[in-house]
Amino acid sequence: MKKLSFALGVLMAGAGFLTGCSDNDPAPFENIKSEPVAGDKLTVEINGETVNGGTLTVEALSDTKANIKIENIVNGYPTLVVPVDMEYTGENFKYTGSAELPKPTVAARAFAGEPGVFHFTVSGVIAGDGSTVSADMTTSLTEYGRGDVKTGVYALSTTIYGENSSLSDFTPVFLEWVVKDSAACGNKEDGGVIGSPDADNKLYVGSAVKMLGSQVISEFLNKVDFIADGALSADYYNTIIPTDYSGNPLPADAENIQSWLMSKFFGGAVNPYQREWIKSPANLVNWYADKEYVYILPNINAIVSQAVKDGGNAETAAQVLEVIGSLSTMTDEELQSTISSLSALLPEDMDIDLSAVSPALVRKVLSWFVTGVPLKYRYEGEYFQLYVDKEMVEDFMPLVLSVGGPVIEKLITEMAVENPMLSIFLPAMVQVDHITDLLPIWKDNTASFELGITFQTPASAAKVRSHAVKGNVPMTPEQKNYIKSFIKY
């Protein structure tokens with residue numbers, strides 16, 4: 001009996017010992033360190049493109065479940081947490097997960113219940129201890145996230161004139177600035193009419209932008225591709241190729257570009273010299289849309305990284321990112337102090353007023369790095385236009401006119417040292433002595449304003465719709481002769 005009791009006691013003790021050992025062995029998921037993985041320990045691809053930078057943290061919940069925290073990797077979503085399913089293979093974990101991402105926002109909020117603009121997936125492998133992670137991510141626009149925008153390649157419009165040699169509504173660049181009361185712009189007896197509004201109360205600068213601005217943008221942009229995965233790519237060029245009247249290319253020096261600009265001031269067909277356009281990488285800019293706006297979402301980290309690859313200064317690139325990050329964390333008082341310090345650095349001979357730059361305005365611009373730049377859009381027949389209106393630029397135009405105006409005028413003054421009569425070029429375009437003369441019109445006498453760019457819809461043949469340009473004040477014979485003197489025949 002004693003022997004039996006002793007044997008049972010030994011058996012129970014052994015069982016207890018074995019059970020205790022089993023309880024002390026951690027489950028595989030418990031070996032995963034919940035720490036950010038970055039650098040060469042993290043490999044990421046988004047839609048097949050390698051992405052550098054950012055961090056990924058694994059919060060393992062069990063051998064089959066985890067939350068993946070993705071920071072500064074997915075454009076528009078500085079912090080993203082995605083639940084994933086895991087499978088332990090004996091050495092590492094395979095994982096996969098997905099999420100519907102709502103509109104990017106700078107405000108903290110829960111995702112549940114909001115319509116998704118992007119469908120997001122992530123899969124990869126996590127080392128058994130979580131020290132290395134691979135992540136293959138994909139994004140694609142949902143039907144809601146595309147709004148009414150048709151995906152595909154949009155070629156820049158080439159139309160300048162429509163019927164009866166009048167300016168088209170669908171020039172590559174267009175500006176329609178309509179005043180409430182043309183009489184409030186002045187009269188010739190009192191020294192001139194500011195902006196020279198026509199019979200439809202449209203300022204002359206709109207016609208000048210359509211003619212000359214369209215020629216310039218056509219030198220830099222050929223087409224854009226609204227890709228279904230939410231990427232935005234463009235065919236572009238990085239300089240003007242000036243040509244003579246026979247269409248022969250000229251060296252892109254200051255004199256030839258100036259001559260080319262003068263010739264284009266008279267309008268004419270958009271016909272840039274044939275070149276091999278540069279295609280931008282698909283990961284630099286993203287887009288999404290709703291029923292009213294297209295949001296253009298620049299990927300600042302990717303853009304700066306690409307600039308360095310293209311030969312840019314790495315130190316300068318790092319400084320740009322640091323400045324953007326620093327501004328985003330400043331208080332209103334710190335931002336105001338920074339703005340004031342910039343004022344002190346401006347040349348004394350430039351009459352620039354930075355009072356229009358407020359902390360709220362700076363924050364609005366910084367928010368676009370997260371939410372995207374909003375642009376209104378519309379389809380007109382076989383044309384597609386992206387534009388801003390008066391309400392959208394209400395806070396920016398005083399800054400553009402009061403700061404940009406003096407900068408442009410100073411540049412032209414410096415150029416006029418060698419060509420003294422160049423100073424008539426700006427008044428001929430804008431129909432004012434100084435760009436700042438338009439400030440009162442903007443503040444008190446603007447009925448409507450649209451500034452935008454026109455494309456042809458994918459695989460379409462452009463159809464021209466036009467309107468007459470009535471009542472614009474023509475250039476004087478002296479101005480015409482002067483401009484012609486720059487043109488090389």
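Answer yes if at least one residue in segment 263-276 is part of a helix (DSSP H, G or I) and out of contact with any helix residue (DSSP H, G or I) (no Cβ under 7 Å at 6 or more places or on another chain), and no otherwise. Yes, segment 263-276 contains a residue that is part of a helix (DSSP H, G or I) and out of contact with any helix residue (DSSP H, G or I) (no Cβ under 7 Å at 6 or more places or on another chain). Residues in segment 386-395: is at least one surrounded by 14 or more Cβ atoms within 10 Å (Cβ to Cβ), without any contact (Cβ under 8 Å) to a residue 60 or more places away in the chain and among the aliphatic types (A, V, I, L, M)? Yes, segment 386-395 contains at least one residue that is surrounded by 14 or more Cβ atoms within 10 Å (Cβ to Cβ), without any contact (Cβ under 8 Å) to a residue 60 or more places away in the chain and among the aliphatic types (A, V, I, L, M).
Comparison of V133, V173 shows that the only residue that is farther than 29 Å from I73 by Cβ, surrounded by 18 or more Cβ atoms within 10 Å (Cβ to Cβ) and touching a residue at least 24 places away in the same chain (Cβ under 8 Å) is V173. Among the residues of segment 320-333, those identified as in a helix (DSSP H, G or I) and under 16 Å from V365 (Cβ atoms) are V320, L321, V323, I324, G325, S326, L327, S328, T329, D332. Before we move on, is G230 at positive phi and out of contact with any helix residue (DSSP H, G or I) (no Cβ under 9 Å at 6 or more places or on another chain)? No: the conditions fail for G230. Residues of segment 160-196 that are in a loop (DSSP other than H, G, I, E, B) and at pLDDT below 90: I160, G162, S166, G191, I194, G195, S196.
Within this structure, V51 passes the test of being hydrophobic (A, V, I, L, M, F, W, C), at pLDDT below 95 and within 45 Å of the chain's Cα centre (by Cα).
Among the residues of segment 455-468, those identified as part of a loop (DSSP other than H, G, I, E, B) and either modelled with pLDDT of 55 or more or touching a Cys at 6+ places or on another chain (Cβ under 9 Å) (or both) are T457, P458, A459. If you go through segment 26-53 and pick out every residue that is surrounded by fewer than 18 Cβ atoms within 10 Å (Cβ to Cβ) and within 26 Å of F369 (Cβ to Cβ), you end up with 11.
Yes or no, residue by residue, for (1) at pLDDT 80 or above; (2) part of a helix (DSSP H, G or I); (3) farther than 25 Å from R378 by Cα:
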{"position": "V403", "(1), (2), (3)": "yes, yes, yes"}
{"position": "V417", "(1), (2), (3)": "no, no, yes"}
{"position": "D437", "(1), (2), (3)": "yes, yes, yes"}
{"position": "I453", "(1), (2), (3)": "yes, no, no"}
{"position": "K470", "(1), (2), (3)": "no, no, yes"}
{"position": "V473", "(1), (2), (3)": "no, no, yes"}
{"position": "Y489", "(1), (2), (3)": "no, no, yes"}
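In the set A127, A107, A135, A112, only one residue is in the same structural domain as T57 (by TED's automatic domain parsing), at pLDDT 95 or above and closer than 30 Å to T329 by Cα; that residue is A135. In segment 146-175, the residue that is farthest from the chain's Cα centre (by Cα) out of those that are more than 15 Å from E380 (Cβ to Cβ) and small (G, A, S) is S165.
Go through segment 218-260 and count every residue that is crowded, with 16+ Cβ neighbours inside 10 Å, assigned to a helix (DSSP H, G or I), out of contact with any Leu (no Cβ under 7 Å at 6 or more places or on another chain) and not hydroxyl-bearing (S, T, Y).
4
Residues in segment 66-75: is at least one of a type in the set (S, T, N, Q), at pLDDT 95 or above and surrounded by fewer than 15 Cβ atoms within 10 Å (Cβ to Cβ)? Checked segment 66-75: no residue is of a type in the set (S, T, N, Q), at pLDDT 95 or above and surrounded by fewer than 15 Cβ atoms within 10 Å (Cβ to Cβ). As a summary of the residue check, G311 satisfies the conditions (1) over 30 Å from L167 (Cβ atoms); (2) assigned to a helix (DSSP H, G or I) except for the one numbered (2).
Against the definition (β-branched (V, I, T), modelled with pLDDT under 85 and not assigned by TED's automatic domain parsing to the domain that holds E255), how does T338 come out, yes or no? Taking the combined requirement at face value, the residue satisfies it. Tell me which of these T151 doesn't satisfy, since it passes every other one: (1) under 20 Å from E100 (Cβ atoms); (2) not assigned by TED's automatic domain parsing to the domain that holds M429. Among (1) under 20 Å from E100 (Cβ atoms); (2) not assigned by TED's automatic domain parsing to the domain that holds M429, the lone unmet condition for T151 is (2).
The values are calculated or read from the model by the stated rules, or taken from the named source; none is laboratory data. Quick caveat: nothing in here was measured; it's all calculated off a predicted structure. Neighbour counts run over all protein chains shown; Cβ positions are idealised from the backbone, glycine included.
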